[in-house]
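The values are calculated or read from the model by the stated rules, or taken from the named source; none is laboratory data. The model shown is predicted, which means the values in this text are computed figures rather than measured ones. Positions of Cβ are generated from backbone atoms using ideal geometry, with glycine treated the same way; all protein chains shown enter the neighbour counts. To get the accessible areas, we keep the full protein, side chains included, count just its heavy atoms, and leave off ligands, DNA and RNA. Shrake-Rupley method; radii C 1.70, N 1.55, O 1.52, S 1.80 Å.
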Amino acid sequence: SLMEELAKLGFRAVGSKPQSTVMRTFKDRLYYEYLALFPPSMLRDAQFENKSTSYMDRLPKVLIVSEKPSIAETIAEVLSNGKYVRRRRGVSRGITVYELVSFFEPTQEEVCLRITSVIGHVLNTSFNSSNTDFRDPGKLFQAETLKEVAESSKKVRIVEHLQNEAKECSYLSLWLDCDREGENIAHEVIAVTRDSFDDNRNIYRAKFSAITPKEISEAFKNQKRPNPLDSLAVDARQELDLKVGVSFSRLLTYRYAGLARERFERDLSMISYGPCQTPTLYFCVQRFKEIEKFQKDAYWSISAKAFVPDIRRAVSLTWEKERTSDAEVARKVSEAGGGGRNALGKVVNVAVNNKTVKRPLGLNTVTMLMVCSASLGLSPKKTLSIAEKLYTSGYLSYPRTETSQYPPSFDIMEIIREHQNHDMWGGTARYLNKNRPQIPKEGKNAGDHPPITPTRIAFKNTFSSNLEWRVYEFVCRHFFGSLMGDVKYREVKSEIAVESAKGPVTFYHTENVIFDIGHGGAMTWVLKNIASDKSRETPSTPLQKGMRVEIERITATEKYTQPPKFLQEHELVQMMDQNGIGTDASMATHITTIQDRKYVVVVDKEGQEIRQFNPKAQQNGPRKRQEGRYLVPTTLGLSLIEGFESTEKDLVLPEIRAFMEQEVMQVAQGTLKKDEVVQKNLALFDRLFRSFRDQFATVDDIVDKNLTTIREQLKVMRQNDYFDAPDPEAAYASARGGRGGRGGGRGGSRGGGRGGRGDARGGRGGARGGRGRGRGGW
């Protein structure tokens, strides 16, 4: 019967539309009986599909491999141009294969495109376990390495999938991300399909910067060749990171993990070292030391409140020297004109200076990570994750780029025209379309990707996540701001003389009046940083020479100088960029690593650990908003850096990683050989490793002395005023020395009334009763 024959072909039911497989198989009575179950319109489509499928099977085949399944789907949609696309599963059941007919420009012929993807790296660099002695970490510098299938790819059988799809193909077209990491993955695809593509002339590389129809179409027409030098540079870095990281990490874990689980955190899995992660931690520790060494000094800040009758305005004034450390001077100034009660002043001079705020350059990865961390409260890793999702969805261009200069070929007007009807910045887009954008010529051209820009218009309700919208909004506003002029404003500084028994006392009133909003029209936060007057039409009336000023009060407030705050993530990104630690693609990973290893803990401005988002917690009502993302080194992180500094300081300095990155860059440029760079750098780290191991006794004392739990460390740091007090009263009490006896001085050097900080690292027993016993004691 019909149903029995369908079952033999693997169909449990007739289905909602005719299947081409069935139509090709059934003959005579079964064929017509099957056709009778569907309307004529469906049969016409199925017959066309059947014809297309047969024709497709006879054509030469091109295997297209992208980095993610979603990108493969988009490529298929664009290149099909509305024509028939055959979809099926391959060996990897989670990866779809798309097949369609198209003209292939490189070979000037009609072909069947077979489009599929990987899911990141296909292969990993690892040790050859068959001949590697892992018991002695020092031997790993000379151990043999090999490429093996990555665990994530092994689970979904990516290698078998690629090899099976490549069997019938004549050409390979690689559509991996267009950076060095993507080039390395492209060569991994070549490696596992080499049996099918033994001639490099049949292998092509697509170059694109956005997942848009225009970029995909251009990349398909203008395919290049893979770049083996970029891939070799990544191989060199992977081998160095593997051997250096694993050797030091095994050494540290063997030696200190047990003690750390006992005194630090019970769930600690390992203690790691990395040529990037450790210098990153070093920056955090250096800021910690600056805070510890800081000595509070008293000073008096002098200000005044006044009223200007001629323009009926209340104004704030500052003393000409702003502050003084001399209490007697502060008293005399505050008593000028009777302490401000019914005192009179006069505007004796008005100075006007024109100032500008430069428009931004094109947006690169480092700037995006810094701004989103500082303004949106997002970690660099979260920011990059959101940006990559927006990229694969076709809303942003490629988010990993060092370039901040728009290339001449970049079609800026196309983006501007598309955004003219946007409900939030459509006016800015229409203005730029009418008056032509001022494309900046400055900036850095790193030769990788154009700056990050929007590629498709989207609205707030387009996204399911508010964070996706906020990142998208920032990129759009930055893009439009970079095409507008500088913000221009006048700084009006009025000099006011207040009469006193010993002669006039000088105060100043300063205000900024914006007269050209420039890029502030798109980047509205820029205007808020300049002045409260955001409109050119209704600026405040400035003070003028000769005006009388009624002084209401003069106040001298005793304050104390404040130490620098702990590093925030956006500051750390900037320091890494300036010192050559990591790349635009890896900085976020290194910052996340030192958090995962518990070398630093992320806290808010009050020293409370940043809470993870929990939807259930929201059901109990709104929770207090946490401000800031400060990176506080834990006692484990402090001990590691101190141990390295006391033995081989080169292991923590950023210069050692910057040197490695420069040499890896030269591999990509073809000026150095990969093996030469690997052997040279391994010899350097091998020497440092042996020297460090020989001085273990010094490190043992440091670790034994310093370790205490994160919870206890933060508790004592809050008690000793390392963070902002939770309310103004507490902050005032802290500044006045209300907590002076609690911790002794920083490191035990200053006790007494001004509230010095005890050493935050603590010691083995210090947290339960010691008092500022210097480094290593509470």
Filter the range 218-233 for residues that are touching a residue at least 60 places away in the same chain (Cβ under 8 Å) and either open to solvent by less than 40 Å² (accessible area, probe 1.4 Å) or under 30 Å from Phe689 (Cβ atoms) (or both) and give the result.
Phe220, Gln223, Leu229, Asp230, Leu232, Ala233
Exactly one condition in (1) surrounded by fewer than 14 Cβ atoms within 10 Å (Cβ to Cβ); (2) at pLDDT below 70 is not met by Leu43; state its number.
(1)
Across the range 260-300, what is the number of residues that are open to solvent by 40 Å² or more (accessible area, probe 1.4 Å), not basic (Lys, Arg) and not in a loop (DSSP other than H, G, I, E, B)?
4
What residue, among those in the range 200-218 that are part of a loop (DSSP other than H, G, I, E, B) and aliphatic (A, V, I, L, M), is modelled with the highest pLDDT?
Ala206
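Restricting attention to the range 235-257, does a residue exist that is among the charged types (D, E, K, R) and in a loop (DSSP other than H, G, I, E, B)?
At the first step, the residues of the range 235-257 found to be among the charged types (D, E, K, R) are 235, 237, 239, 241, 243, 250, 255.
Keeping just the survivors that are in a loop (DSSP other than H, G, I, E, B) gives none.
Checked against the condition, which is being among the charged types (D, E, K, R) and in a loop (DSSP other than H, G, I, E, B), the range 235-257 yields no hits at all.
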Here are some residues: Met523, Met547, Met576. Which one is out of contact with any Leu (no Cβ under 9 Å at 6 or more places or on another chain), surrounded by 14 or more Cβ atoms within 10 Å (Cβ to Cβ), more than 26 Å from Asn364 (Cα to Cα) and at pLDDT 90 or above?
Met547
Only unsatisfied item for Ser646, checking (1) farther than 12 Å from Leu240 by Cβ; (2) open to solvent by less than 30 Å² (accessible area, probe 1.4 Å); (3) more than 28 Å from the chain's Cα centre (by Cα), is (2)
For the range 61-82, does any single residue satisfy the condition of being open to solvent by 20 Å² or more (accessible area, probe 1.4 Å), over 38 Å from the mean Cα position of the chain (by Cα) and at pLDDT below 95?
no
Looking only at the range 114-146, filter to residues that are open to solvent by less than 10 Å² (accessible area, probe 1.4 Å) and free of Cβ contacts under 8 Å to residues at least 60 places away in the same chain; which one of those is nearest to the chain's Cα centre (by Cα)?
Ser117
Considering the range 667-721 alone, what residues qualify as being open to solvent by 20 Å² or more (accessible area, probe 1.4 Å), in contact (Cβ under 8 Å) with a residue 24 or more places away in the chain and of a type in the set (Ser, Thr, Tyr)?
Ser691, Thr698, Thr709
Check whether at least one residue in the range 336-343 is at pLDDT 90 or above, open to solvent by less than 80 Å² (accessible area, probe 1.4 Å), more than 30 Å from Gly582 (Cβ to Cβ) and not polar (S, T, N, Q), and report yes or no.
no
Scanning the range 368-402 for residues that are over 22 Å from Thr593 (Cα atoms) and assigned to a helix (DSSP H, G or I), the one most open to solvent (accessible area, probe 1.4 Å) turns out to be Ser375
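Could we say that Ser316 is over 12 Å from Ala556 (Cβ atoms), hydroxyl-bearing (Ser, Thr, Tyr) and open to solvent by 60 Å² or more (accessible area, probe 1.4 Å) here?
Working: over 12 Å from Ala556 (Cβ atoms): yes; hydroxyl-bearing (Ser, Thr, Tyr): yes; open to solvent by 60 Å² or more (accessible area, probe 1.4 Å): yes.
Taking the combined requirement at face value, the residue satisfies it.
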Might you check whether a residue that is at pLDDT 90 or above and surrounded by fewer than 18 Cβ atoms within 10 Å (Cβ to Cβ) occurs anywhere in the range 526-544?
no
